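Have a look at the structure below, then the notes.
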Amino acid sequence: MGDNRHDIDTLRGPEAAPGGIPLELFASGGITGAGLVAVLVELVRGQGSFLAFVGLGMILAGVPLFVRGLVRHFKDLAHRLEEARATYRSLVESSRDGILIFRDDRLLFANHAAARLVGYDDLAAFLAVPLSRLVAPEHLELVRERHQRRISGQDVPGQYEISVMHRDGSRVPVEILPTVIEFKGQKASQTVIRDLTRRRELEARLHQSTRVAAIGELASGIAHQLNNPMIGILNMAQLLAEKVPPEDPRRRLVDAIVGAGQDASLTIKNLLRFSREPRHGRERLDLARLVRDVLSISEKKLSHDDIRVTVDVATDFDPTVLGNANALGQVLLNLLQNAQHAIVRGGDIAIRLEPFFEEDERLVALRVRDSGAGIPPDVLPRIFEPFFTTKPREQGTGLGLSLARQIVHQHGGRIWARSEPGHGAEFSVVLPVVMRDAEEADDGNPT
C-alpha cells in the first residue's frame, strides 16, 4: 500500500488545544482494495508530533470518513494529558515538602518549597546552585554514592536523614525519600525533602523533660533526707550565736556556721520547690503590679550596683493572669538577679509587658533585657538545665533558671532566652491572660 500523504482541508488547523496550545491536524493514508484507507492522524506541536495514531477510515466518492472522529478523540486525549499535567504541577507546588529532580551534580527541577527550605525565594537562582553546595559536606559522599547505586538498580535505603546547607550557612536537618525516574530520556533522582527542624525540637524537649523529671525525683529524695538534719543544725547554730557575745573571737565562726546553714536551707527549699507542683494558691494577678512589688524588693541592691531599671507596659492592654504571686515573683526576681550578675556594675535592665499572640491564643509577654556581656552560644542551650551554672560555686547552685522554667510551665506558659555575646541577653516569659469581660459575661445571666 503506497503512502500518499496529503492535507485534509476540512480538518486543517491551527486549532487551539487545551491550555491555548496551537495544534495542526494532518492525515495520511493509502487506498486499499476494499475501499478502506489506513489513516495516520498527527497532532503537531511546534516542530515535533505531539500525538499520533494509526487506524482505518473509509473513502467514499473521494471523501475520507471517520477521520474527524479520530481527530476529536486525539483532542480529548490532549485535553486529558494537559489536565494531568496541571494536576501534577498543582500537587507539587502545594506540597509542604520540598520536591526536586537531580542528575549528577545538577538540579533539573524543584518546587518552591524546596527552594524556601534553604532560603531561596527565586526558584531560578535555586536551580542554578549545584547539588554539592546544597548538601552538607559530611553527607555529600553518602548522597552521591546512594544516587549512583540507585541509578544502577542496586538496593539502597528508601529514606534516610541528612543535613542540607541553608543560604545563610546554617544546617537544616532533613529526611529525604529518593526514587529513580525517567526525565527527558535519561535516568534521574526524584527526591522528596522533609524538614526535620520541628521534629528535632520536639525530640529535644521530650528528652529534656525526661531528664528534668528524673532529676526532680532525685532532688526530692535528697532534699527530704537533708531537710530535717539541716533544720536541727541551723537551730543549734542560732542558739549558740545567742550565747556567744559579739566581742568573743569565736562569734565570727558561729556566724559563719549560721550563714552556711541558711544557704544550705535555701538550697533544700529550692530543691523541694523544683520537685513538686503547687496545686493551690492561684489567683488573678496584675503582672504590672507584680513587677512593681518585686522591684521594690530589689531596687536597693540594683541601685547600689549602679544599675538603672526601666519598666514599659504596653497601652490598651490588661496584663492579668491566673497564678501564684509568690511563685511568679520568684521567677522575676531570679531573672533580675541573673541580669544583675551579667552587668556586674553600671548598666541597664529593661522590663516590658506586652500582648503576645500565638495561633489565635491571647497571651502576655514579660521581657527582661540587660546590657551585660551576653550568653555564649555554647552555653545558651543549657541555661535551663538543673544544676547547670557558669557562676562560681559560692554564687549559685544552677537551680534558679530551671526552677523558673518549672514554675512558668506549671502556669501554662513558656520561657526562653535570646542573646548575642557583647550585646546583653533578653529573657521572655509568656503566660495566658485572663479575659475579664469574657468571664463576667459567662457568669452573668442571659438577657
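The values are calculated or read from the model by the stated rules, or taken from the named source; none is laboratory data. Please read these numbers as outputs of a predicted model, since none were measured by experiment. Glycine gets a Cβ as well: all are built from the backbone with ideal geometry, and neighbour counts include every protein chain shown.
Going by the conditions given, is residue 66 at pLDDT below 85 and surrounded by 12 or more Cβ atoms within 10 Å (Cβ to Cβ)?
For residue 66, the condition - at pLDDT below 85 and surrounded by 12 or more Cβ atoms within 10 Å (Cβ to Cβ) - is met.
Please go through the stretch 331-374 and pick out each residue that is part of a loop (DSSP other than H, G, I, E, B) and under 21 Å from residue 298 (Cβ atoms).
344, 345, 346, 371, 372, 373
Here is a yes/no grid of residues against (1) over 21 Å from residue 410 (Cβ atoms); (2) modelled with pLDDT of 90 or more; (3) surrounded by 15 or more Cβ atoms within 10 Å (Cβ to Cβ):
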{"residue": "327", "(1), (2), (3)": "no, no, yes"}
{"residue": "330", "(1), (2), (3)": "no, no, yes"}
{"residue": "340", "(1), (2), (3)": "yes, no, yes"}
{"residue": "348", "(1), (2), (3)": "yes, yes, yes"}
{"residue": "353", "(1), (2), (3)": "no, yes, yes"}
{"residue": "358", "(1), (2), (3)": "no, no, no"}
{"residue": "361", "(1), (2), (3)": "no, no, no"}
{"residue": "368", "(1), (2), (3)": "no, yes, yes"}
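Could you give every pair whose Cβ atoms fall below 6 Å, whose first residue belongs to the stretch 334-345 and is in contact (Cβ under 8 Å) with a residue 12 or more places away in the chain, and whose second residue is surrounded by 18 or more Cβ atoms within 10 Å (Cβ to Cβ) and part of a loop (DSSP other than H, G, I, E, B), counting only separations of at least 6 or pairs across chains?
These pairs meet every condition: 342/372; 343/372.
For the stretch 113-135, which residues satisfy the criterion of being surrounded by 16 or more Cβ atoms within 10 Å (Cβ to Cβ) and closer than 20 Å to residue 170 by Cβ?
113, 114, 115, 117, 118, 120, 126, 129, 131, 134, 135
With the checklist (1) in contact (Cβ under 8 Å) with a residue 60 or more places away in the chain; (2) surrounded by fewer than 17 Cβ atoms within 10 Å (Cβ to Cβ); (3) not in a helix (DSSP H, G or I) in hand, flag the one item residue 102 doesn't pass.
(2)
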